[in-house]
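The structure appears right after this line, and notes come after that.
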Amino acid sequence: MKKSHTAMTLLTRVLLTAATAFAQSSDRLPVTDAEKIADALRAGPAFITKDATLLDWPTTSGGEYRLLRKGSNEWTCLPAIPGYSHDEPGCFDSIFLRWMQDSLAGRTPNIDRIGISYMYLGAWQSAKGSGHEAHVGPHLMIVSPHQDDFEGLNPDPSNGMPYVMHLPNRPDLYLVMPIRHWDE
């Protein structure tokens, strides 16, 4: 009987520790290289992430992206963006990555075809002018060299439909296509 009670106590402690760690990990941004690699690998489907190059964000605007792991396919995944309040890792094809790097560095993006990105953990977005932040579940993103492709599309991320968005302090639009609602 005592052995059974001890085993049950141990199991309960292990489960509570795991539950606590899991709950904390969703609110905490990765810090170490190992955490950043694990976070970046959660950004997209395994058939992309298993061979993707993993980069870390630059320490200064327009700076160099630091290599975390060299990959062998055409995809690059990054962990959560430092300074953001939420964990939002992403995987990017070479076109989307170049567009994003140029935009975030304050350069005018110069792409010649459509670019694609995955964000399996989703992102937090505000509807234009609302100030209300909503979590958009796992989604794909598309960028185009023809910004007029996005004219007139839904700008509201809160209604569950595909919508257009722009990077902070940048005018260039991209299309966000939710895969599923976060709570499904």
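The values are calculated or read from the model by the stated rules, or taken from the named source; none is laboratory data. Small disclaimer: the values here were computed from a predicted structure and weren't measured. We place every Cβ from the backbone using ideal geometry, glycine too, and count neighbours over all the protein chains shown.
Details
- Considering residues of region 76-127 that are among the aromatic types (F, W, Y) and surrounded by 15 or more Cβ atoms within 10 Å (Cβ to Cβ) only, the residue nearest to D51 (Cα to Cα): F92
- Selected residue (only one of E88, E74 is modelled with pLDDT under 95 and over 15 Å from D172 (Cβ atoms)): E88
- Residue among Y163, Y174 that is within 19 Å of F96 (Cβ to Cβ), assigned by TED's automatic domain parsing to the domain that holds C77 and in contact with a Pro (Cβ under 6 Å, 6 or more places away or on another chain): Y163
- Residue in region 140-152 that is within 18 Å of the chain's Cα centre (by Cα), under 20 Å from R107 (Cβ atoms) and surrounded by 14 or more Cβ atoms within 10 Å (Cβ to Cβ) present: yes
- Region 85-107, residues that are basic (K, R) and in a loop (DSSP other than H, G, I, E, B): R107
- G83 at negative phi and not basic (K, R): no
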